[in-house]
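The values are calculated or read from the model by the stated rules, or taken from the named source; none is laboratory data. Quick caveat: nothing in here was measured; it's all calculated off a predicted structure. Here the Cβ positions follow ideal geometry from the backbone for every residue, glycine too, while neighbour counts run over all protein chains shown. Side chains are part of the model used for accessible areas, which takes the heavy atoms of the whole protein and leaves out ligands, DNA and RNA. Shrake-Rupley method; radii C 1.70, N 1.55, O 1.52, S 1.80 Å.
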Amino acid sequence: MSELTELTIAEAARLLRLHSISATELVTAHVEHIARVDPLVKAFLRFTPELYEKQAEEADRKLKREQGGLLTGIPVAIKDVLCVKGVETTAGSQILRGFKPPYTGTAVSRLFDEGAVMLGVTNCDEFAMGSSTENSGYFPTHNPWDLDRVPGGSSGGSAAAVAAGEAMIALGTDTGGSIRQPAAVCGVVGMKPTYGRVSRYGLIAFASSLDQIGPFARSVEDAALVLEAMAGHDPLDATSSDRPNDVRRDLDKGVKGMRLGLPREYSQVEGMEPGVNAAVREAIKALEKGGAEIVDVTLPHTDYGLAAYYIIAPAECSSNLARFDGVKYGLSVQDVDNITDMYMRARRQGFGTEVRRRIMLGTYALSSGYYDAYYLKAQKVRTLIKRDFDEAFAKCDAIVSATSPVVAFPIGSRTEDPLSMYLCDVLTLGGNLAGLPGISVPCGMSQGLPVGLQVLAPQWREDVALRVARAYEVASGVKAEVASVG
Ligand code: GLN
């Protein structure tokens, strides 16, 4: 039955509607596959059998009556930062161990409304801070293409689960690249929507002006479908938009006549591997063959993006994470002298090294006397970066580049040097600073490991990003394959 774990949503939906398979069979095939491969991949932190058994039965009842939604019976994995009622949700952190949210966040509940079946909770870097999933407060996840390597991060568990055929689709979050980068290095499709496209209600916040929830899938069409199911205004998130939810409208129109911009600065970033560059150049040729016009564009403030991001994101995280004080949620410490002692011990015990580093950086950047020099300045740089994109999009419909300058690296090889880890996001974080939609789609291999092509589009033009990514997928015939593990 292993083919059942290699299907796309469109293929599975057909079989389900023809009653050739049941939702229960589809879920069981995934659960059995997980039992075989997850001891090696370690994509999941926990499983949710009470939920998937009930949801699969419900899906089968609906299918019998020829009812159901866009995702009826489709097995999904959820990153450990999205609240699901009654399911332990910890943001990959010990400080939240045992926390069971009393409600389900909007993005997840919309997938449930469309009939999706939740298999379990996926591993991630603690509070989504990292690019390798090695900062998880539990254990590292392994890349299904080479178990000695990282799956990227921070949504590494979700990317690895989809790449290994453990889940058909998954949800992640992207603050500086945490959907697109792991998608690229695990060889699957991952999309970060426009800031405001998907409600963040029920997302454990890292940096609220940058965070977005988005899908992982094994085809562009599947990613578009999941995005459509989640998108749209939510009265519970004031930053969510009520613009038309039309992300799939031009999916199959191809790139003929479109102008695709190549930012000069993006091919020259520090640490860009020649094999990645070569795969991306091939991909661009395929798009040109498909009728796109390739134009040079420039994003002159690219060099300052990383510095601005690593002030803004820690500043927002230092404020967001102040609520974890060992009183209301998760971990609590005993035998304390006084309340300050309790806060200090809970936070010291509960947070890992990277989270503590970010809280300190952010608190410093926001402190009086330093605010103007750091936070305010970083916000001004953010405006310049946004302007760079506006000017580039005056010359092209979408921007194409590598997603990550490097392929998956060996576990442990970058943990001692946080700066080398931060460099993984140099091509993705501009999209977050400017609030743009971006997608990563597999574009071949380098050193036997997957490479991702990133497509960035103007705000609210997910339709454009998806159209270009889909055109590439069709023109190249490069499909997201399930990695064979073990
Ligand atoms: N790797 C980046 C960071 O550590 C981005 C993380 C993310 O997008 N959540 O902040």
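Relative to the Cα centre, the charge distribution of segment 362-408, modelled as +1 at Lys and Arg Cβ and -1 at Asp and Glu Cβ, gives a dipole magnitude of about 120 debye. Surface composition of segment 377-477: carbon plus sulfur atoms contribute 54% of the solvent-accessible area (1.4 Å probe, protein chains only, all chains present).
With a simple spin-label model that places each label point 7 Å from the Cα along the Cα-to-Cβ direction, the separation between ARG357 and ARG97 comes to 2.3 nm. Reported to the nearest whole Å, the Cα centre-to-centre distance from segment 428-486 to segment 175-240 is 14. Based on C-alpha pairs under 8 angstrom that are at least 6 apart in sequence, the chain has a relative contact order of 19 percent. Ordered by 1.4 Å accessible area with all protein chains kept, GLU391, GLU11 run largest first as GLU391, GLU11.
Electrostatic bookkeeping for THR141 treats Lys and Arg as +1 and Asp and Glu as -1; over the other residues with beta carbon under 14 Å from its beta carbon, the sum is -4.
Calculated accessible area for segment 251-318 comes out at 50 Å² per residue, all protein chains present (probe 1.4 Å; ligands, DNA, RNA ignored). Under a model in which nothing but the beta-carbon of Lys, Arg (+1) and Asp, Glu (-1) is charged, the chain shows a dipole of about 600 debye around its Cα centre. Annotation note: GluC sites (Glu not before Pro) in segment 14-88 located in DSSP loop regions with a Cβ neighbour count of at most 11 within 10 Å are GLU66. For the pair LYS479 and SER420 in one chain, pulling the backbone fully straight at 0.36 nm per residue adds 18.2 nm over the alpha carbon distance.
Just the protein heavy atoms count here, and of the accessible area of segment 1-96 at 1.4 Å, carbon and sulfur take up 54 percent.
Largest first, the residues LEU260, LEU15 sort by 1.4 Å accessible area into LEU15, LEU260.
With the full set of protein chains in place, find how many percent of the accessible area of segment 243-334 is carbon and sulfur; take the probe as 1.4 Å.
In segment 243-334, the share of accessible area belonging to carbon and sulfur is 48 percent.
Using a Förster distance of 60 angstrom, determine the FRET efficiency expected from the C-beta separation of GLU6 and ASN338, and round it to 0.05.
Once the sixth-power term is evaluated, E becomes 0.55.
Once all protein chains are placed together, THR133 keeps about 0 Å² accessible to a 1.4 angstrom probe. For the pair ALA322 and TYR370, what calculated FRET efficiency results from E = 1/(1 + (r/R0)^6), where r is the Cβ-Cβ distance and R0 = 25 Å, to the nearest 0.05? E(calc), rounded to 0.05, equals 0.90. Straight-line reach from LYS64: taking Cα to Cα under 20 Å and skipping same-chain neighbours fewer than 8 places apart, the lysines in range are LYS54. Per-residue surface analysis assigns TYR103 an accessible area of about 80 Å², computed on protein heavy atoms at 1.4 Å probe radius.
Cα centroid separation, segment 327-397 to segment 46-113: 30 Å. Ordering 378-385, 156-163 by mean Cβ neighbour count within 10 Å, with the highest value first, yields 156-163, 378-385. The mean accessible area for residues of segment 402-486, using a 1.4 Å probe and ignoring ligands and nucleic acids, is 30 Å² per residue.
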